[in-house]
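Peer 1: Take this structure, written in structure tokens, and hold onto it; I'll ask about it next.
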Amino acid sequence: MSVRPLIGIVGSAGAYGRWLQRFFEQRMGLEVIGHDPADPDSHSPDDLLERAQVLIFSAPIRHTPALVAEYVERSAGREAGRLWLDVTSVKSAPVAAMLESQAEVVGLHPMTAPPKAPTLKGRVMVVCQARVSHWQPWVDALCAALEAECVQATPEHHDQVMALVQAMVHATHLAQAGVLREYAPLLGALPALMPYRSASFELDTAIIARILSMNPVIYEDIQFGNPHVAPMLERLLGQLQQLHQQVLQGDDAARADFRHQLLRVNREHQGDAQLAEGNYTFERVGYLLADLTERNAISVHLPEDRPGSLRELLHVFERHGVSLASIHSSRTPGGEVHFRMGFVPGSDLAAMARAAQEIDASGIGRVLSR
């Protein structure tokens, strides 16, 4: 095991390949080489197999097992004593393919698209340690550097869980998107519905927008590439058909059955503690959405991440007599951390403008929006 291995990325021109290269170079100080058919200037597969001590497969799910098999054949044993990883959303087939090599093998699944942030802090990453010995300390160091909440699983259990955590969530929201499209001629497109929104509807439409904005191949492979998805969809359809029949029946017996099957039984299954925690999470998100609709607000990027920066920023508003109603940190679409501050109703707009001018002029921060 090399303490500072050379990293090879198969699929280096893809979204995750590019993110991983930045991570390894900037956060771990490692040299990275990559191969990608979309990049004619990238290294050859043989160059990666010859030079890289750690090889990462970051390719579409449907192609990964065959791609790994190709690299096993090309490597012809050169991979012995090295480490092979993958970052696909399905684990059984890619990990099984990597185990045909003589390398040590770990399957990784970051539960997020490539983030704007430099690490996976605040996100979950599933780790399938299929065959690890000498590389264990380095794998542990990698997980620590990624700053993710790491969950250990076997590839088979991972895929069973992902049928619920990913495929079911995507399927239900894609179905909602289809229903919204079918109702648009009658009630209007989504902008016509948003004035009537509940917090639940706003969250669901945000998830729909996220899915429809991303690469459709990813969502296609999550549905089609996991053998546990079809049985899950059958159960999901069964639950919806049951509700459909109850609503069509419409009498007191159907209502009682609805309360018992879909509310009481499910509530008992969840348990009081889980329900309380989930309900509290929903309320927190609801308050956040309410705060973000406040138009009387300013967003500021603090270029220097140092102790006291936020306090210095808040003192500016205090000097100008502006009272805050809320403050949240987030990231711009470009990935910059910013603080969005909402102000109490009736705040002096001129005082807010003066505070914003001072922030820009002093270099404390950069006002992004007012």
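Peer 1: Within region 285-320, list the trypsin sites (Lys or Arg not before Pro) lying in a DSSP loop whose Cβ has at most 16 other Cβ atoms in a 10 Å radius.
Peer 2: Values: sites: Arg295, Arg311, Arg319; in loops: Arg295.
Those that pass, being in a loop and sparsely packed, are Arg295.
Peer 1: Based on the alpha-carbon gyration tensor of region 1-152 and its eigenvalue square roots a ≥ b ≥ c, which shape applies: rounded if a/c is under 1.5, prolate if not and a/b is larger than b/c, or oblate?
Peer 2: Working: a/c = 1.30, a/b = 1.19, b/c = 1.10.
Since a/c stays below 1.5, the shape of region 1-152 is classed as rounded.
Peer 1: How far, in nm, would the chain grow between Ala141 and Leu6 when pulled straight, counting 0.36 nm per residue and subtracting the alpha carbon separation? Before the final figure, lay out each step's value.
Peer 2: Values: separation 135, 0.36 × 135 = 48.60 nm, distance 1.50 nm.
Additional length available on full extension: 47.1 nm.
Peer 1: Further question on the same structure: Evaluate the distance, in nm, between pseudo-label points positioned 7 Å from the Cα of Lys121 and of Glu25 along their respective Cα→Cβ axes.
Peer 2: 2.2
Peer 1: Now a separate question. Based on the Cβ-Cβ distance from Leu292 to Asp47, what FRET efficiency comes out when R0 is 35 Å, to the nearest 0.05?
Peer 2: That gives a FRET efficiency of 0.15.
Peer 1: Let me ask another. Per 0.36 nm of contour for each residue apart, how much would the distance between Val132 and Leu240 grow if the chain were fully extended, relative to their Cα-Cα spacing?
Peer 2: Numbers: separation 108, 0.36 × 108 = 38.88 nm, distance 4.36 nm.
The Val132-Leu240 span can extend by a further 34.5 nm.
Peer 1: Here's something else I'd like to know. Taking the Cα centre of each part, how many Å lie between region 232-261 and region 303-356?
Peer 2: 49
Peer 1: Given labels modelled 7 Å from the Cα in the Cβ direction, how far is it in nm from Arg354 to Met168?
Peer 2: About 5.7 nm, to one decimal.
Peer 1: Same structure again: Given a Förster radius of 35 Å and the C-beta distance between Asp272 and Ile327 as r, what FRET efficiency does 1/(1 + (r/R0)^6) yield to the nearest 0.05? Kindly include the intermediate steps, with their values, before the conclusion.
Peer 2: Values: r = 33 Å, r/R0 = 0.93.
In this case the efficiency is close to 0.60.
Peer 1: Using alpha-carbon positions, what is the distance between the centroids of region 43-86 and region 106-177, in Å?
Peer 2: Region 43-86 and region 106-177 have Cα centres spaced 20 Å from each other.
Peer 1: If you line up the Cα atoms of region 141-298 on their principal axes, what length do they span on each, largest first, in Å?
Peer 2: 60, 47, 36
Peer 1: Give me the Å³ per residue figure for the convex hull around the C-alpha atoms of region 232-303. Don't skip to the end; give the middle numbers.
Peer 2: Details: hull volume 13.9 nm³, N = 72.
Taking the convex hull of the Cα positions in region 232-303, it is 194 Å³ per residue.
Peer 1: Modelling each spin label as a point 7 Å along the Cα-to-Cβ direction, I'd like the Phe201/Tyr280 distance in nm, to one decimal.
Peer 2: Distance between label points: 3.0 nm.
Peer 1: As an exercise, use a Förster radius of 51 Å and the Cβ-Cβ distance of Phe224 and Ser309 to find the FRET efficiency, rounded to the nearest 0.05.
Peer 2: Details: r = 47 Å, r/R0 = 0.93.
Result of the calculation: an efficiency of 0.60.
Peer 1: Which entry in (i) 196; (ii) 125; (iii) 148 is this structure's computed volume of the Cα convex hull per residue in Å³?
Peer 2: The listed entry that was calculated here is (i).
Peer 1: Positive end of the charge dipole of region 243-370 (Lys, Arg +1 and Asp, Glu -1 on Cβ, about the Cα centre): tell me which of Ala356, Gly278, Leu324 has its Cα farthest that way.
Peer 2: Looking along the dipole axis, the top candidate is Ala356.
Peer 1: Calculate log10 I(q)/I(0) of region 279-349 for q = 0.13, 0.18 Å⁻¹, where I(q) comes from the Debye formula with a single equal point scatterer on each Cα and nothing for solvent.
Peer 2: -0.43, -0.79
Peer 1: I need the shape label for region 82-140. Rule: rounded when a/c is under 1.5, else prolate if a/b > b/c, else oblate, with a, b, c from the alpha carbon gyration tensor. Write out the running numbers ahead of the final one.
Peer 2: Details: a/c = 2.67, a/b = 1.57, b/c = 1.71.
Oblate is the answer for region 82-140, as a/c is 1.5 or above yet b/c matches or exceeds a/b.
Every number here is computed from the coordinates shown, using simple stated rules; none is lab data. Source: prediction; values computed, not measured. Cβ: placed from backbone, ideal geometry, glycine included. Neighbour counts: every protein chain shown.
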